[in-house]
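> Let me begin by handing over the structure; questions about it come next.
The values are calculated or read from the model by the stated rules, or taken from the named source; none is laboratory data. Note that this is a predicted model, so its numbers are computed, not measured. Because the Cβ atoms are built from the backbone with ideal geometry, glycine has one as well, and the counts that use them run over all protein chains shown. Heavy atoms of the whole protein, side chains included, go into the accessibility calculation; ligands, DNA and RNA do not. Shrake-Rupley method; radii C 1.70, N 1.55, O 1.52, S 1.80 Å.
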Amino acid sequence: FNPNVYATYAHTFAEDHNFKIMAGFQSEWNHYEDFDAQNTGIMSGLPFLDTTSGDNKTLGGYSATWATAGWFGRLNYDLDGRYLVEGNIRYDGSSRFTPNDRYTFLPSFSAGWRISQEKFFESLRDYIGNLKIRASWGKLGSQPSDYYPYQAVMGSGQPGFIIDGQYVSSVNTPGLVSPSLTWEKAASTNIGLDISALRSRLNVMFDIYERKTTDILTTGSVAYPSVLGASAPLENSGSLRARGWELDIQWNDRIGRVNYGVSFNLSDAVTTVLNYPSNPTKSYGSLYNGKTVGEIWGYSFGGILQAEDLELVGNKYIFHGPHTSSYTVYPGSAWYKDVNGDGFISTGSGTVDDSGDYHIIGNSTPRFRFGLSLNASWNGFDINAFFQGTGKRDYWISSQHYWGNVGYGGSQWMWERSWKPDNTDAKFPLYGQTPSVCDYYLMDASYIRLKQLVLGYTLPANLTRKVGVDKLRFNVSAYNLFTLTHIPGIFDPDQMSDAYPQKKTLSVGAQITF
């Protein structure tokens, strides 16, 4: 059930003062019920339980309800198109929280100044038609996916043992819950600049922003003993900060009978963990205070061991340099540098303060994402090309499809480049020995891809109208024609997955308008 009611009022006072007010209410209510019964041993094609003969009768049921409600309002004001102000107010509630913490107030504000509309700017309008600076601040809320996170929910079932000759039912111990869960909140601050110049042929938009997410639901900072017998409760105690910028440049012009356009966008952002009490020991395998999201930890690569680096004692090779206590080495094995100088290769206790020889070697967050669109038309012919890519990204490939594995299948590409007695200067170690995460084999995952290329031709209207056709256009479209990257071909550098590689597609079409 989803009612959405709102009203808008707009009015202009004294010719220059433009007001617009909007207010409304929106709600969602969902109730779900399920009942199922099943058995095996069907005796006929009829869908009835009494026509079954099996001993696998099961009954099941499920019921869930959730609801949200929100009051909202907006006020817009502009003075002669020069000074722009907007304010938004939301008051949202969710059934996923207790009545005392169910509602949250979410405001946002923005303002802009069109400098180009000022009288002192008149002499520049032939060159810069629009110049606007703007700023905004706003807060949004999000709720958990669990319908009842504030309630101690107990699950029921039938354990796999018998008491007094019968199976018994059981009820699981519920986890701990916090009595004061509420919304996660994300507050964003933005400063932007819009420029339209050279009679609107050049358009530029630039934004810098900071987004701070607070009250993130985590398991909290209390260390519960393992004998507790229940999971730790969620708390609104985590916080993140993302800082970034976005740039969009467009150029459209005409040379003779050729119309063309270029559009380029570029963005970047870095996210830092401000508070994550669930990890007081600062384990680098999880979020921790001060962490840059996407960090990759690994060893410094020392090289590939050769036979002369090892001593064969009985039927076992011994490496007298720094090594791990559990790693059996052979000629062709990778070895790593002893960064902390303790004589062993280790990850310490797995924390930031005691990481052994592990250290930050890269970051998997895509940086400097960009898109480039080129288009042109002439005498009925048109062309459009769209490129996309990432300028900076590190990635550690752990897939066996890349490294190959003796027990699970092979990779001819890796086999040809792996260490062998007759190929001791190979780039990769002994086949079947996937190296530990290290800087040398860390991948540069930046890429550029021709995502789409469209060629078209529209027949002259004076010809098509003779046969009753207003417009007839033919086109050839190609998708994912080529990708420039250091990532192996079995991986999609956009999704970094070898499960569903991108397809190259070619299609031919026609559009007819009568």
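> Is the stretch 385-407 home to any residue that is without any contact (Cβ under 8 Å) to a residue 60 or more places away in the chain and hydrophobic (A, V, I, L, M, F, W, C)?
Yes, some residue in the stretch 385-407 is without any contact (Cβ under 8 Å) to a residue 60 or more places away in the chain and hydrophobic (A, V, I, L, M, F, W, C).
> Give the stretch 113-160 a look and list any residue that's part of a strand (DSSP E or B) and among the aliphatic types (A, V, I, L, M), or say none.
The answer is Ile128, Leu131, Ile133, Ala135, Leu140.
> Right, another one. Based on what the data block shows, is Leu442 surrounded by 13 or more Cβ atoms within 10 Å (Cβ to Cβ) and under 21 Å from Phe381 (Cβ atoms)?
No, not satisfied.
> For the stretch 21-45, what are the residues that are within 36 Å of the chain's Cα centre (by Cα) and surrounded by 11 or more Cβ atoms within 10 Å (Cβ to Cβ)?
If the condition is that a residue be within 36 Å of the chain's Cα centre (by Cα) and surrounded by 11 or more Cβ atoms within 10 Å (Cβ to Cβ), then Ile21, Met22, Ala23, Gly24, Phe25, Gln26, Ser27, Glu28, Trp29, Asn30 are the ones that fit.
> Please find, within the stretch 226-246, the residue that is nearest to Arg96 (Cα to Cα) out of those that are under 34 Å from the mean Cα position of the chain (by Cα), among the hydrophobic types (A, V, I, L, M, F, W, C) and surrounded by fewer than 16 Cβ atoms within 10 Å (Cβ to Cβ).
Among those that are under 34 Å from the mean Cα position of the chain (by Cα), among the hydrophobic types (A, V, I, L, M, F, W, C) and surrounded by fewer than 16 Cβ atoms within 10 Å (Cβ to Cβ), it is Ala230.
> When you scan the stretch 126-158, how many residues do you find that are open to solvent by 90 Å² or more (accessible area, probe 1.4 Å) and either touching a helix residue (DSSP H, G or I) at 6+ places or on another chain (Cβ under 7 Å) or charged (D, E, K, R) (or both)?
Summing the residues that are open to solvent by 90 Å² or more (accessible area, probe 1.4 Å) and either touching a helix residue (DSSP H, G or I) at 6+ places or on another chain (Cβ under 7 Å) or charged (D, E, K, R) (or both) in the stretch 126-158 gives 1.
> Which ones in the stretch 463-513 are among the hydroxyl-bearing types (Ser, Thr, Tyr), within 36 Å of the chain's Cα centre (by Cα) and either surrounded by 12 or more Cβ atoms within 10 Å (Cβ to Cβ) or under 18 Å from Met443 (Cα atoms) (or both)?
Residues satisfying the conditions are Ser477, Tyr479, Thr483, Thr485, Ser497.
> I need the strands (runs of 3 or more DSSP E) fully contained in the stretch 412-514, keeping only those with at least 2 residues that are over 18 Å from Gly303 (Cα atoms).
447-458, 471-479, 483-485, 505-513
> Just for strands (runs of 3 or more DSSP E) wholly inside the stretch 309-411: which have at least 2 residues that are aliphatic (A, V, I, L, M) and at pLDDT below 90?
310-313
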